[in-house]
Amino acid sequence: QVQLVESGGGLVQAGGSLRLSCAGSGLTFSRYWMGLSRQAQGKEREFVARMNRSGGVTYYADSVKGRFTMSRDTSKNAVYLQMNSLKVEDTAVYYCAASSKGAVLVPSEYNYWGQGTQVTVSS
């Protein structure tokens, strides 16, 4: 059974940092493209970062470039999102997802999803 579990969300003041983790079981991340997305209340889900099977990050949303960094630890079968200089507009539920289909940014193209972790940035 495939499972993705996000953790590390919380409440932080603007300008602060958080590190999100996504741990996988039942699948090997090196066989999937991994996507990190978020959904703010009342808004559509948007991808903020995407990593290829080799661990290279091939996409950052313009809104997070220079502030967010996606990484992977294959020994732990986990991916991470280091979020610095957080802004109020980064408030959302953050999800990780795995796709066998390659470089996609469409939620329906992802095979597996985590349950999400809430990030709230206060002013």
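The values are calculated or read from the model by the stated rules, or taken from the named source; none is laboratory data. Note that the coordinates shown come from a computational prediction; the quantities given were computed from them, not determined experimentally. Every residue, glycine as well, gets a Cβ built from its backbone with ideal geometry; the counts of neighbours run over all protein chains shown. Accessible surface areas use protein heavy atoms only, side chains included; no ligands, DNA or RNA. Shrake-Rupley method; radii C 1.70, N 1.55, O 1.52, S 1.80 Å.
Rolling a 1.4 Å probe across the protein heavy atoms gives the chain an accessible surface of 50 Å² per residue.
Rolling a 1.4 Å probe over the protein chains gives K65 an accessible area of about 120 Å². Residues considered: Q82, Q41, Q13. Largest GNM mean-square fluctuation over the chain, using C-alpha springs under 10 Å, is found at Q41.
A convex hull fitted around the alpha carbon atoms of the chain yields 92 Å³ per residue. Model label sites at K43 and T74, defined 7 Å from Cα along the beta-carbon direction, differ in position by 3.4 nm.
Against the compact-protein benchmark of 2.2 N^0.38 Å, the Cα-based radius of gyration of the stretch 11-68 scales to 1.28.
Placing a pseudo-label 7 Å from each Cα along the Cα-to-Cβ vector at S7 and K101 gives an inter-label distance of 3.1 nm. In a Gaussian network model over the chain where Cα atoms closer than 10 Å are linked, find which of A97, A78, A49 has the largest mean-square fluctuation. The residue that fluctuates most here is A78. Multiplying the residue separation of K65 and Q115 by 0.36 nm and subtracting their alpha-carbon distance yields 15.6 nm. Each Cα pair under 8 Å and six or more residues apart adds its sequence gap; the mean of these over the residue count of the chain is a relative contact order of 35 percent.
Relative contact order for the stretch 1-58: 26 percent, from Cα pairs under 8 Å spaced at least 6 residues apart, divided by residue count. Loop-located trypsin sites (Lys or Arg not before Pro) across the stretch 8-63 with a Cβ neighbour count of 10 or fewer within 10 Å are K43, with loop assigned by DSSP. The slack between S17 and T58, meaning 0.36 nm per residue of separation minus the straight C-alpha distance, is 12.5 nm.
Of the GluC sites (Glu not before Pro) found in the stretch 1-95, those that fall in a DSSP loop while having at most 12 other beta-carbon atoms within 10 Å are E44.
Taking Cα centre as origin and charging only the Cβ of basic (Lys, Arg, +1) and acidic (Asp, Glu, -1) residues, the dipole magnitude of the chain rounds to 260 debye.
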